[in-house]
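Since the structure comes first, as structure tokens, the remarks are kept for the end.
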Amino acid sequence: MKIEPRIAAFHADLTTWRRDIHAHPELGFEETRTSAVVAEKLKSFGCEVVTGIAKTGVVGTIRVGNSPRAVGLRADMDCLPMDELNDFEHRSQNKGRMHACGHDGHTTMLLGAAKYLAETRNFEGAVHFFFQPAEEGGGGGKVMVDEGLFQKFPCEAVFGMHNRPSVPAGHFAVRGGPQMAAAGMFDIKITGKGAHGARPESGIDPVVVGGHIITALQSIVARNVSPHDTAVISVTQMHAGDAYNVIPESAVLRGTIRAFKMEVMELMKANIERISRGIAEGLGAEVEPKVRFSYPPLVNNHDEARFAADIAAGIVGEENVDRNGPMVMASEDFSYMLNACPGAFVFIGQGGVEGGCEVHNPKYDFNDRILPLGSTFFARLVETRLKPAARD
Ligand SMILES: [Zn+2]
Ligand SMILES: [Zn+2]
């Protein structure tokens, strides 16, 4: 493995930074301490620093020479609203807050790349380091784009990275085209007519209507979505009633939808609405189906995905890079940046640690062993993409 020796030399610092961020997790748009730490470090490296983008977002820039070319690198800074069950020294100090998705590691790997690139300046053009808030549901990436990120910091390509516990440390995975799903939520409010549980003929039972709707929604993926596409509809909540002997007045169903194309998301939305209305009308109830979309699908540009895979292969060897990496049903708001600028999102393996577990688990921890690898990957991306002309 070809870790950059200058980065390996400050591996202990990276570990200290990562554990400090891990111990002080902050939710989306509340990352004031984290963003202050990031801004302070970027300044100490000699980067130009802009704060207050998307509230707690930070952008650092290093410019070398007069080339107009520029590359963007992105890390996310927010944590999840959950309690940590680890008992090591760097466990969360904030109740109900935990870095259970490894964004502490992502932030640290990007800081490591910034430190190295600011020192060595072995490229021509600009590199922008995007530290974004609120990936876990708040859409901080969208807010940054809406606030003119790529107008203020134009980039020819943007790259992001996420750790994956299911991939061994020292491996990378990426694919051209769709890589992570679009997400959406739905609420279906059914209104019937409350009655005594022993006298159903005097009411309209919203529980029965809900049961039929749940069953019929299963036919959307099976019968409406093309077999060539991938989609999920999960009804994850049903709420109705409080008593054994009362037919409730209303019931609510909620759930999530996922797909890799917005056309498929639209198709599911239309079918959820039609099926809900049709069944409710048939059984004499009223219904308000509401389907809303959150993150769009994350679609990598083929050229940038290939470029990122080449960079990874140059570090860990071709045999440790999966160029046809997994299509993940989870969603990710880096998709908004990829919709605004060409680029790719890369998975970095972090598996193989003792007690290692999946992200969003209360026992999760980022694997500090891969910090210099992630920093080296970001650094080589920039040095290769923005190679000084004279050095060709
Ligand atoms: Zn997450
Ligand atoms: Zn994450």
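The values are calculated or read from the model by the stated rules, or taken from the named source; none is laboratory data. What you are looking at is a predicted structure, and each value in this text was computed from that prediction instead of being measured. Here the Cβ is made from the backbone with ideal geometry for all residues, glycine too, and neighbour counts use every protein chain on show. Just the protein is used for accessible areas: all its heavy atoms, side chains included, with ligands, DNA and RNA removed. Shrake-Rupley method; radii C 1.70, N 1.55, O 1.52, S 1.80 Å.
What value, in deg cm²/dmol to 500, does the helix sum -39500 (n - 2.57) over DSSP H runs of n ≥ 4 give at 222 nm once divided by the residues of the chain? Don't skip to the answer; put the middle values down first.
Numbers: 11 runs with 132 residues, N = 392.
That comes out to -10500 deg cm²/dmol.
If the viscosity is 1.567 mPa s and the temperature 4 °C, what Stokes-Einstein diffusion coefficient in µm²/s follows for segment 294-339 when Rh is the Kirkwood radius over Cα pairs?
Numbers: Rh = 11.9 Å.
The diffusion coefficient I find is 109 µm²/s.
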Skipping prolines and chain starts, which residues have an amide H placed within reach, meaning under 5 Å, of the one on residue 325, given they are 5 or more residues away or on another chain?
174, 175
Could you work out how far helix 32-45 tilts from the main Cα principal axis of the chain, as a 0 to 90 degree angle to the nearest 10?
20
Please determine, in degrees from 0 to 90 and to the nearest 10, the orientation of helix 262-282 with respect to the longest principal axis defined by the Cα atoms of the chain, where the helix direction is its Cα long axis.
10
Using the Karplus curve 6.51 cos²θ - 1.76 cosθ + 1.60 with θ = phi - 60°, what ³J(HN,Hα) values do you get for each residue of segment 332-340, in whole Hz, with x for Gly and Pro?
7, 7, 4, 4, 5, 5, 5, 6, 9
Taking placed amide H atoms and a strict 5 Å upper bound, the residues 5 or more places from residue 287 or on another chain that come that close are 191
Any chymotrypsin sites (Phe, Trp or Tyr not before Pro) in segment 56-144 that lie in a DSSP loop and have at most 13 other Cβ atoms within 10 Å would be 88
Quick one: Debye curve from the alpha-carbon atoms of the chain only, equal weights, vacuum; give me log10 I(q)/I(0) at q = 0.09, 0.13 Å⁻¹ to two decimals.
-0.59, -1.03
Nitroxide proxy distance, nm - points 7 Å out along Cα→Cβ at residue 36 and residue 15:
2.8
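Keeping all protein chains in place and using 1.4 angstrom, which order do 364, 244 fall into by accessible surface area, from largest down? Please report the intermediate quantities before stating the final value.
Numbers: 364 0, 244 240 Å².
Ranked from most to least accessible, the order is 244, 364.
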How large, in Å, is segment 182-293 by the Kirkwood hydrodynamic radius built from its alpha-carbon pairs?
14.4
With each pseudo-label sitting 7 Å past Cα toward Cβ, what's the residue 82-residue 2 distance in nm, one decimal?
3.8
Quote the accessible area belonging to residue 288 in square angstrom, nearest 10, computed with a 1.4 Å probe and with ligands, DNA and RNA left uncounted.
100
How large is ³J(HN,Hα), in whole Hz, for each residue of segment 241-255 in order, when computed from phi with the Karplus curve 6.51 cos²θ - 1.76 cosθ + 1.60 and θ = phi - 60°, using x for Gly and Pro?
x, 9, 10, 5, 10, 10, 7, x, 6, 9, 8, 10, 10, 9, x
Express the relative contact order of the chain as a whole percentage, based on alpha carbon pairs under 8 Å and six or more residues apart in sequence.
25
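With +1 assigned to the C-beta of every Lys and Arg and -1 to the C-beta of every Asp and Glu, and no other charges, what is the dipole magnitude of the chain about the Cα centre in debye, to the nearest 20? Mind dumping the intermediate values first?
Details: 40 positive and 48 negative charges, 121 e Å.
About 580 debye.
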I'd like the orientation of helix 371-385 relative to the chain: the angle between its Cα long axis and the longest Cα principal axis, in ° from 0 to 90, rounded to 10.
70
Rounded to 5, the percent of DSSP beta bridges in the chain classed as antiparallel
70
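Considering only protein heavy atoms, with the full assembly of protein chains and a 1.4 angstrom probe, order 166, 202 by accessible area, largest first. Don't skip to the answer; put the middle values down first.
Working: 166 75, 202 40 Å².
The most accessible residue leads, giving 166, 202.
Report, to two decimal places, the Cα Rg of segment 1-152 normalised by 2.2 N^0.38 Å (N = number of residues). Intermediate results must be reported in sequence, preceding the final value.
Numbers: Rg = 15.5 Å, N = 152, 2.2 N^0.38 = 14.8 Å.
This ratio for segment 1-152 stands at 1.05.
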Name the most mobile residue of 142, 95, 115, meaning the one with the largest mean-square fluctuation, in a Gaussian network model of the chain with Cα contacts below 10 Å.
95
Label 7 Å along Cα→Cβ of residue 262; segment 317-353 residues with amide nitrogen under 14 Å?
335-341
GluC sites (Glu not before Pro) lying in DSSP loop within segment 303-392, provided at most 10 other Cβ fall within 10 Å:
354
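So which of 142/269; 95/142; 152/290; 261/387 end up more than 31 Å apart, counting from Cα to Cα?
Numbers: 142/269 22 Å; 95/142 28 Å; 152/290 36 Å; 261/387 35 Å.
In this structure, 152/290; 261/387 lie more than 31 Å apart at Cα.
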